[in-house]
């Protein structure tokens, strides 16, 4: 399933490249605002923290709207950009909670890392390790939050609970998604976040959950099946037909296929 996910995410992203680039513009503006914080705040600590928190919340509100917008695209609905504000308003509660968790997390890191480094010794090193691995764990869990909101449930508590369950039920794939997202983020840095960009990362998360849900639908119909014996080939047949026998050569030079 992982191999097909990579192929589908790549070609679906290519098919919707202009849409993804347009959505990336919003993220680029937020990144510019983030980078401008030192200049705007002029060294004032209170204003710096306020601006940082503001950017975090704006980022999550926009990300929620983008993810739901792209979630509809994943399920073969063609949303229009004039509908985009409704996607933000429909997920503002979850985005606000997500933004609050991220804000608290960032503030803890800003205070905790310097403090524990200054302590030194075994205790300081252990505290740093715990802080690091808790942050990594939250990163993996958080990948599923907006896809779960679009595809499984709209209640904030249940979204967070199901995201936690998805991680612990699929730790290998969740770790892969975290690494995949990080690689795409680093590639995006080289293109000033225009391509593939953050919107492509959010798009891939929606695709990943859609494919993963085929497993759960199958288990629901066959409750005694061994999870290691999921017939992915048969389950993903329709998805594979949608993608088709595509190649990089055919993508760049379609007239030669």
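Per the listing 128, 70, 119, the residue uniquely without any contact (Cβ under 8 Å) to a residue 24 or more places away in the chain and either surrounded by 15 or more Cβ atoms within 10 Å (Cβ to Cβ) or touching a helix residue (DSSP H, G or I) at 6+ places or on another chain (Cβ under 7 Å) (or both) is 128.
Can you tell which of 98, 81 is in contact (Cβ under 8 Å) with a residue 40 or more places away in the chain, out of contact with any strand residue (DSSP E or B) (no Cβ under 9 Å at 6 or more places or on another chain) and exposed (fewer than 12 other Cβ atoms within 10 Å of the Cβ)? Reasoning before the result, please.
Details: 98 fails: exposed (fewer than 12 other Cβ atoms within 10 Å of the Cβ).
Result of the check over 98, 81: 81.
Annotation note: Cβ proximity below 8 Å between a residue of segment 40-56 that is touching a residue at least 12 places away in the same chain (Cβ under 8 Å) and a residue that is in a helix (DSSP H, G or I) and loosely packed, with under 13 Cβ neighbours inside 10 Å (sequence gap 6+ or interchain) occurs for 51/40.
Among residues of segment 1-27 that are more than 23 Å from residue 213 (Cα to Cα), those with a beta-carbon under 6 Å from a residue that is part of a helix (DSSP H, G or I) and at pLDDT 95 or above at least six positions away or on a different chain give the pairs 20/199; 20/200; 23/66; 23/199; 24/197; 24/199; 26/62; 27/198. For residue 243, the conditions (1) farther than 19 Å from residue 73 by Cβ; (2) over 20 Å from the mean Cα position of the chain (by Cα) all hold with the exception of (1). Filtered by the rule that a residue be surrounded by fewer than 15 Cβ atoms within 10 Å (Cβ to Cβ) and either closer than 14 Å to residue 99 by Cα or out of contact with any helix residue (DSSP H, G or I) (no Cβ under 7 Å at 6 or more places or on another chain) (or both), segment 32-53 gives 32, 35, 36, 38, 39, 42, 43, 44, 45, 46, 50.
The values are calculated or read from the model by the stated rules, or taken from the named source; none is laboratory data. Keep in mind that what you see is a predicted model, and the values were worked out from it rather than measured. Positions of Cβ are backbone-derived with ideal geometry, glycine not excepted, and every protein chain shown enters the neighbour counts.
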